[in-house]
Amino acid sequence: MAIRNTPRRWGAVSQFLHWLIVALIIVQFTLALYADTLPVGSRKVGVLANHKSFGITILALVIIRLAWRCLNPTPPLPSTLKPYERTLARVTHALLYVLLFVQPLSGWMMSSARGFPVAWFGFRSMQLPDLVPKNQTLYHVLVDIHGTLAVILVAVVVLHVAAALKHHFVLKDDTLRRMLPFSGTKERT
């Protein structure tokens, strides 16, 4: 498998970053839902600290993925797509990148507004600076924003997955296969 993207397939680095971010998003939603069930206390603080750390990790990985994407040509969309489908695919991908960038930033700002430090997996030497001053009103606004962005992210991810499954099972093209590791793509005739 090629490290870099090719005209027919996503390369190993793009695939690795894609699937790692997918796994971390699942971890994030699991941690957030679990934290909501916990009473206020040290256990909840620990779960939320991990949630923040994974969020910062996603932010860093998205920046790396965007840089890698700029340095590598992306495989073109299937030629069989209608114009509106091409637009929808581009908008969906752009929204995913924006949400994966803005969602962790909103959580970081939320922690800053509440006065809670953000340290990457507890490393005090990796404590991040506050993005906004401590402000209770701003904190409550950011809680709502963070929650709303999470719902929008779920909706866009569902649309993205539905499109991939449609390509694979209905249209029977290589759109999904070219992002799967160790999966060959059919030769075009």
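Some points to look at:
- Distances between placed amide hydrogens fall under 5 Å for residue 128 paired with 118, 119, 120, all partners being 5 or more residues away or on another chain.
- Between residue 166 and residue 94, the C-beta separation translates, for a Förster distance of 25 Å, into a calculated FRET efficiency of about 0.80.
- Mean projection area, nm², convex hull over Cα of region 1-50: 4.2 nm²
- Alpha-carbon radius of gyration plus Dmax, which is the widest Cα pair, for region 92-181 in Å: 17.9, 53
- Dipole check for the chain: with +1 at the C-beta of Lys and Arg, -1 at the C-beta of Asp and Glu, and the Cα centre as origin, the magnitude is about 480 Debye.
- Per-residue ellipticity at 222 nm from helix content only, as computed over the chain with -39500 (n - 2.57) for each DSSP H run of at least four residues, stands at -22500 deg cm²/dmol.
- Tilt relative to the chain, helix 12-37 - C-alpha long axis, 0 to 90 degrees, to 10: 40 degrees
- Inverting the pair-averaged 1/r between distinct Cα atoms of region 53-105 gives 12.5 Å as its Kirkwood hydrodynamic radius.
- P(r) weight above 21 Å for the chain, C-alpha pairs, percent: 56 percent
- Note on the chain: dipole from Cβ charges, positive end direction compared against 57, 88, 78; the farthest Cα belongs to 78.
- Calculated FRET efficiency for the pair residue 44/residue 182, C-beta based, R₀ 35 Å, to 0.05: 0.30
- Sorting the segments 20-31, 46-57 by their residues' average number of neighbouring beta-carbon atoms within 10 angstrom, most packed first, yields 46-57, 20-31.
- Relative contact order %, the chain, counting alpha carbon pairs below 8 Å whose residues are six or more apart: 22 percent
- Förster radius 25 Å - calculated FRET efficiency between residue 102 and residue 144, Cβ distance, rounded to 0.05: 0.95
- For the peptides 100-108, 58-66, 143-151, the ranking by packing is 100-108, 58-66, 143-151, with the highest mean count of neighbouring Cβ atoms within 10 Å listed first.
- Cα principal axis extents for region 1-98, largest first, Å: 54, 31, 19
- Nearest-ten-degree value, helix 83-114 long axis tilted from longest Cα axis of the chain: 20 degrees
Values in this text are rule-based calculations from the coordinates and carry no lab data. Here the structure is a predicted model, which means the values were calculated and not measured. Positions of Cβ are generated from backbone atoms using ideal geometry, with glycine treated the same way; all protein chains shown enter the neighbour counts.
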